[in-house]
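Report on one structure; see the data block that follows.
A short reminder: the numbers here are calculations on the coordinates, not readings from a lab. Keep in mind that what you see is a predicted model, and the values were worked out from it rather than measured. Cβ atoms come from the backbone with ideal geometry, glycine included; neighbour counts cover every protein chain shown.
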């Protein structure tokens, strides 16, 4: 199996950064979404449009996740599925997700969903705005992850 990067492209702010690292390391990228997203016309960058059914992009990525895959996503449930398949997962904020942390991330997600569903609770905001520091952290984290996988390190 050769290294491959999959991007869960819905609302992903780091597609261009991913292409930059992928080009440097000559790693193919597949961008997956349920609506058209412009991608560079390069042989190692593909776009895969899926149906607009619930979780279609997640299902497509999870079916291909394996020990040679890096999955870029902010979707914690997709991350869990990909980790179970042996893939490495990186959030668009540059924070890796792994088997040691995914359980607590899922628990926090469930708590936040409960808070949002509570009728008497104030509105709970989303994540903070994406910053240049997040972009820099992402570039460094993806570069290191690719390097580790090329060397066969876990």
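Key figures for this structure:
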| quantity | calculated |
| --- | --- |
| Exposure proxy order (Cβ contacts within 10 Å, fewest to most) of 35, 92 | 35, 92 |
| 54, 130, 47 arranged by Cβ crowding within 10 Å, fewest neighbours leading | 54, 130, 47 |
| Ranked 51, 73, 43, criterion: other C-beta atoms within 10 Å, fewest first | 43, 51, 73 |
